[in-house]
Structure formats: structure tokens, C-alpha cells
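*Asks:* For reference, the structure I am asking about is given below.
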Amino acid sequence: MFYWIGIIVLLAAFILGFSFLGPAGALLNPGSLFIICAVVLPLLIASGQFQYFLMGIRIAVGRVKKAPAEEVKKVLVALQLTTRLTLLGGFIGFLAGGISILANMTTVQMLGRLSAVAVVSILYALLGVSFLLPLRAKAEAFLIDMTRAPGSAADE
């Protein structure tokens, strides 16, 4: 529960903080989000780690009470991979925006829109990582608690 409260507070602070800099709608860029998702989801599924990523979410929200230690270690690997893929997606979005800027240097309006794709891609990737880091911390704490508890699934 506290995980979701933290995420909501983070998003509220993000939206409120950027609303002082200008219209909050400038931060909504579906192209940037699509680029990141187009990198993360297929590669996570292709690696076979998607189910462990989902298990990491279930651990974070408290739906998993016991799990074998090996499964939790696979969750940690999946979360690390997802974090790296999210950063990779943001970097690819940044490069795609930069290449588009260089290819379409005709009007100032076009430059602004394309540079928004570049910068917002990195911003979305960093927001994604700020969502993933608490998941990993929760999974690590879950593994530590599980291995310390007598009669845990790791002992069986």
C-alpha cells in the first residue's frame, strides 16, 4: 500500500513542480512514451523475464507472502533488466528526437516539437526508473526477510 502512496506522491510532485514552469500538457508526449514501451516490453518478454517482473509488482503491493528464494532472485534479475531497458529506451528516444531535429531544421516550431520528444524521452525514462527502484528494494527486503524467517520457503 505504501508503495502506491509513494508513487502517487511522486507523480503529484512531478506534475505540480512542472506546472510552475509552464503548461503541464507540454510534458505529455505520447511519442516518447511509445518509444520507451516499444523497447522495454518486447525485450522483456523475449528475455523470458516478464513473468518475474509482474511477480515483483505483486511482491511490492504485498500480494505475495511466500516464494522460493530462487524465484525472488529471478525477480531481482528481471527488475534490473527492466531498469536498464527503460534507460535504454529513454536514450533511444533522445537519439531519435535528435536525429529528427537534424533532419527537419526548417521551422522553429518543428524544432521545438522534436526537441520535446528528445528531452521528454529521458524524463519518462527517469520516471520509469523511479518507479522500478522501490520495486527492487521491496523485493530485496522480501528476500532478506524470507531467508531469515525459520521455516521459510527457502529452507524447504
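The values are calculated or read from the model by the stated rules, or taken from the named source; none is laboratory data. No experiment lies behind these values; they were computed from the predicted model shown. Virtual Cβ from ideal backbone geometry, glycine too; neighbours counted across all protein chains shown.
*Asks:* Can you work out which of the residues in region 94-125 that are free of Cβ contacts under 8 Å to residues at least 24 places away in the same chain and small (Gly, Ala, Ser) is surrounded by the most Cβ atoms within 10 Å (Cβ to Cβ)?
*Replies:* The initial filter retains those residues of region 94-125 that are free of Cβ contacts under 8 Å to residues at least 24 places away in the same chain, namely 95, 98-115.
So of that shortlist, the ones also small (Gly, Ala, Ser) come out as 98, 100, 103, 112, 115.
On the way: Gly98: 16, Ser100: 18, Ala103: 9, Gly112: 11, Ser115: 14.
Among those that are free of Cβ contacts under 8 Å to residues at least 24 places away in the same chain and small (Gly, Ala, Ser), it is Ser100.
*Asks:* Report, ordered by the first and then the second residue, all pairs with beta carbons closer than 8 Å, sequence separation of six or more or different chains, a first member in region 126-148 that is farther than 13 Å from Ile59 by Cα, and a second member that is among the β-branched types (Val, Ile, Thr) and buried (at least 20 other Cβ atoms within 10 Å of the Cβ).
*Replies:* Short answer, once both residue conditions are applied: Gly128/Ile36; Gly128/Val40; Gly128/Thr86; Val129/Thr86.
Let's see how each residue does on (1) at pLDDT below 95; (2) buried (at least 21 other Cβ atoms within 10 Å of the Cβ):
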position	(1), (2)
Ile59	yes, yes
Leu87	no, no
Phe91	no, no
Thr147	yes, no
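*Asks:* Can I ask one more? Identify all residues within region 9-48 that are modelled with pLDDT under 80, loosely packed, with under 14 Cβ neighbours inside 10 Å and in a helix (DSSP H, G or I); write none if there are none.
*Replies:* Start the filter on region 9-48 by keeping residues that are modelled with pLDDT under 80, which leaves 10-29.
If we keep only those that are loosely packed, with under 14 Cβ neighbours inside 10 Å as well, we get 11-13, 15-17, 19-23, 25-26, 28.
If the condition is that a residue be modelled with pLDDT under 80, loosely packed, with under 14 Cβ neighbours inside 10 Å and in a helix (DSSP H, G or I), then Leu11, Ala12, Ala13, Ile15, Leu16, Gly17, Ser19, Gly25, Ala26 are the ones that fit.
*Asks:* Kindly establish whether Ala67 is buried (at least 16 other Cβ atoms within 10 Å of the Cβ), assigned to a helix (DSSP H, G or I), over 14 Å from the mean Cα position of the chain (by Cα) and on the phi < 0 side of the Ramachandran plot.
*Replies:* Details: buried (at least 16 other Cβ atoms within 10 Å of the Cβ): yes; assigned to a helix (DSSP H, G or I): no; over 14 Å from the mean Cα position of the chain (by Cα): yes; on the phi < 0 side of the Ramachandran plot: yes.
The answer is no for Ala67.
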